[in-house]
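A short worksheet on the structure shown next.
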Amino acid sequence: MSVTQLHPNMEHWEERVDLAAAFRWTARLGMHEAVANHFSLSINDDGTKFLMNPNQVHFSRVRASDMIVVDANDPSSLEGPDAPDITAWGLHGGIHRNVRHACCCMHVHSIHATVLACLKKKLLPPLDQNAAMFYERQVADDHYGGLAFEEEGERCAQLLADPKHFIMVMGNHGIMVIGETVAQTFNRMYYFERACEVYIRALQTGQEIDILSHEVASKTADELETYPEQDVRHLGELKAILDSEGSDYAA
């Protein structure tokens, strides 16, 4: 039975399934934050209506049918038992309202990316091939001001206005990753955390690190950005593993 047959009357079912798989795998990788953090995916033309995980549900238990629909222009989206908390609405709503190309947004406090966010120099240098994927495609937010209420979300959205930038290192906080699809955004989030881990471990050796040249890093970033279907195949394999295990993520 295909995933579209499981809930024929629920809209955006395949998108819900992709999001649920991303939640499950983020938890499996230890990149979740207890029952905090949120992923969102826009479902209308201007991006202001989006799917999001219900508030305070552990990533390892999120199912496709659990996703709630949030309207960035309607504060009443904060009403109801499963509504996102005000910080999730403020951050994701601000981005979806103002950044049309940010169809999918994934915010995490993964360990190594958050370590980077706590350094004075917050941008990931092109230390290896994975890190080169993000060369000149990151922005850093140096103005952490507490929980991400609506004003914070509006300010963060301005930093992602350039379509070339798809990683925001949120100073002293975590990261926000954006993309056109769940697969693309999850793939970026995964590789950014991996690259941050290599960078942090390299710093821990105390030895001089060998950064790629601008020419090589730029070339590698362009090549990786146009590499065919790597993100789709990545998420597809993760869903296949979950399916083989009998996971209820697609329920």
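The values are calculated or read from the model by the stated rules, or taken from the named source; none is laboratory data. Note that this is a predicted model, so its numbers are computed, not measured. Note that we place each Cβ from the backbone using ideal geometry, even for glycine, and neighbour counts take in every protein chain shown.
Per-structure values
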| item | result |
| --- | --- |
| Number of positions in the range 49-97 that are surrounded by fewer than 17 Cβ atoms within 10 Å (Cβ to Cβ), within 17 Å of the chain's Cα centre (by Cα) and hydroxyl-bearing (Ser, Thr, Tyr) | 1 |
| Enumerated helices (runs of 4 or more DSSP H) restricted to the range 73-139, each holding at least 1 residues that are under 28 Å from Arg63 (Cβ atoms), free of Cβ contacts under 8 Å to residues at least 60 places away in the same chain and not hydroxyl-bearing (Ser, Thr, Tyr) | 86-98 |
| Condition check for Leu212: over 18 Å from Tyr135 (Cα atoms), among the hydrophobic types (A, V, I, L, M, F, W, C), surrounded by 17 or more Cβ atoms within 10 Å (Cβ to Cβ) and touching a residue at least 24 places away in the same chain (Cβ under 8 Å) | no |
| Set Asp222, Asp231: member being surrounded by fewer than 15 Cβ atoms within 10 Å (Cβ to Cβ) and either in contact (Cβ under 8 Å) with a residue 12 or more places away in the chain or farther than 16 Å from Ala20 by Cβ (or both) | Asp222 |
| Total residues in the range 145-163, condition assigned to a loop (DSSP other than H, G, I, E, B), of a type outside the set (A, V, I, L, M, F, W, C) and either under 14 Å from His92 (Cβ atoms) or modelled with pLDDT of 85 or more (or both) | 2 |
